[in-house]
Amino acid sequence: MIKIGLIGSVSKEWMGGYNYFKNLLYAINVFSSNELKVFVFLGKKSNPLTKDMFLKYATVIEDSAFDRMSLKWFLIKIEEKIFKTNFILEYILNKYDIQILSHSFITKFKKIKTVNWIPDFQHIHLPEMFSKKELKNRDKTFLNVIKDSDIIIVSSNDAFTDLKTFASRYEAKVKVLQFVSQPVQEYNAMSKNILKTKYGINNDYFYMPNQFWKHKNHLTVFKAINQLRNENINIHLVCSGHLEDYRNKNHIEILKNYIYKNNLDNNIKLLGLIDYEDVFNLIKFSKAVINPSLFEGWSTTVEECKSVGKNMILSDLNVHKEQYPAALFFNKNKKDSLVEVLRNYKEDDIDNNRELLNDRTKEFAEKYITIVKSVI
């Protein structure tokens with residue numbers, strides 16, 4: 001049995017990361033056939049809900065080394081910066097006979113192998129979303145991780161193409177692993193009326209469960225709804241996600257001001273961060289889910305909709321077309337393109353024959369198992 005370590009550094013600011021780990025661990029737990037044993041390392045101050053999630057699928061190890069700003073954490077950072085080694089962290093992992101550290105973005109161990117995941121290369125395509133310092137740091141960090149890891153995982157063929165451009169010397173160590181999202185057990189538990197009452201939704205609606213980051217492109221959707229409202233066509237949109245963009249601090253206010261100045265309060269509802277169970281139920285009862293993003297690695301939102309056979313309206317990214325070819329697409333940079341899709345939308349526009357979720361999940365698990373076996 002191969003012992004795998006994961007460092008459970010996830011947060012509400014990046015729910016995609018939280019859900020990625022949850023779905024990976026679920027797939028391993030169901031389909032690994034006792035080939036893998038997973039340990040998740042958490043700080044002693046970790047969110048109890050995060051700990052409970054990991055406990056469902058793995059052995060959880062709590063250590064202050066994984067608490068930001070703790071003494072152990074500082075020592076690890078100092079060692080890594082000055083000596084370019086990870087002896088302290090490796091000592092902790094060795095106590096549990098960890099053979100592979102996966103998805104950690106950490107390298108330079110003496111004996112432990114590393115399998116690292118790069119979600120996307122957004123900074124190459126949208127450099128205007130980053131400061132010069134962030135761009136420099138991303139280039140340096142990504143290249144070092146790619147160079148020093150035993151295996152690099154990317155989530156799409158589109159991301160693999162980017163990696164070959166970014167670090168062509170290392171493409172031989174890259175594996176494409178397309179993750180699969182699991183609907184929550186409560187997906188079929190809540191009625192439409194109860195859900196709409198809970199969130200004050202009065203009309204049939206389109207749904208956007210994206211984080212409120214600038215590159216998620218909410219404003220294009222808001223502008224399309226405004227244009228249609230001016231044509232006496234009322235589109236209703238529900239949005240959920242953490243109401244903060246750490247790179248663009250004023251972005252949320254820009255969105256709220258647009259709604260206010262154009263009197264769109266009755267058309268657009270911002271829910272903020274909600275229970276994950278309710279995300280799936282809002283998907284279920286929506287007319288369709290919209291993802292207008294300017295960039296994606298492999299969209300969690302798209303995976304969630306595929307897993308429950310939900311219609312989608314997507315920006316025309318190559319990765320969206322790779323991920324969900326049955327969707328409706330619009331030009332991500334042109335409001336009028338989305339206006340036409342929404343104006344003519346019929347819920348039977350998309351062949352939403354649900355892909356066999358069990359088969360897709362099994363393939364996800366088996367590919368991951370094959371990847372980790374290849375480095376032992």
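For the reader, a short list of remarks on this structure follows.
- Options 346, 310, 367, 284; residue that is out of contact with any Ser or Thr (no Cβ under 7 Å at 6 or more places or on another chain), surrounded by fewer than 20 Cβ atoms within 10 Å (Cβ to Cβ), in a loop (DSSP other than H, G, I, E, B) and among the basic types (Lys, Arg): 346
- Members of the stretch 52-78 found to be part of a helix (DSSP H, G or I) and buried (at least 16 other Cβ atoms within 10 Å of the Cβ), listed by number: 53, 54, 65, 66, 72, 73, 76
- Scanning the stretch 253-260 for any residue that is modelled with pLDDT of 90 or more and on the phi > 0 side of the Ramachandran plot turns up nothing.
- Test for residue 245: is it modelled with pLDDT under 95, among the acidic types (Asp, Glu) and assigned to a helix (DSSP H, G or I): no
- Contact map, the stretch 218-232: residues that are closer than 22 Å to residue 244 by Cβ paired with residues that are surrounded by fewer than 17 Cβ atoms within 10 Å (Cβ to Cβ) and among the aliphatic types (A, V, I, L, M), Cβ distance under 8 Å, separation 6+ or inter-chain. Pairs shown: 219/254.
- Any chance residue 37 is out of contact with any Gly (no Cβ under 9 Å at 6 or more places or on another chain), part of a strand (DSSP E or B) and within 17 Å of residue 93 (Cα to Cα): yes
- Restricting the stretch 131-152 to residues that are of a type in the set (A, V, I, L, M, F, W, C) and under 14 Å from residue 107 (Cα atoms), the residue that is surrounded by the most Cβ atoms within 10 Å (Cβ to Cβ) is 152.
- Any chance residue 356 is surrounded by fewer than 18 Cβ atoms within 10 Å (Cβ to Cβ), aliphatic (A, V, I, L, M) and more than 19 Å from the chain's Cα centre (by Cα): yes
- Applying the criterion of at least 2 residues that are in contact with a Leu (Cβ under 8 Å, 6 or more places away or on another chain) and within 21 Å of residue 18 (Cα to Cα) to the strands (runs of 3 or more DSSP E) found wholly in the stretch 98-192 leaves 100-102, 113-117, 151-154.
The values are calculated or read from the model by the stated rules, or taken from the named source; none is laboratory data. All figures in this text were calculated on a predicted structure; none of them were measured in a lab. In this analysis, Cβ positions are derived from the backbone assuming ideal geometry, glycine residues included, and neighbour counts consider all displayed protein chains.
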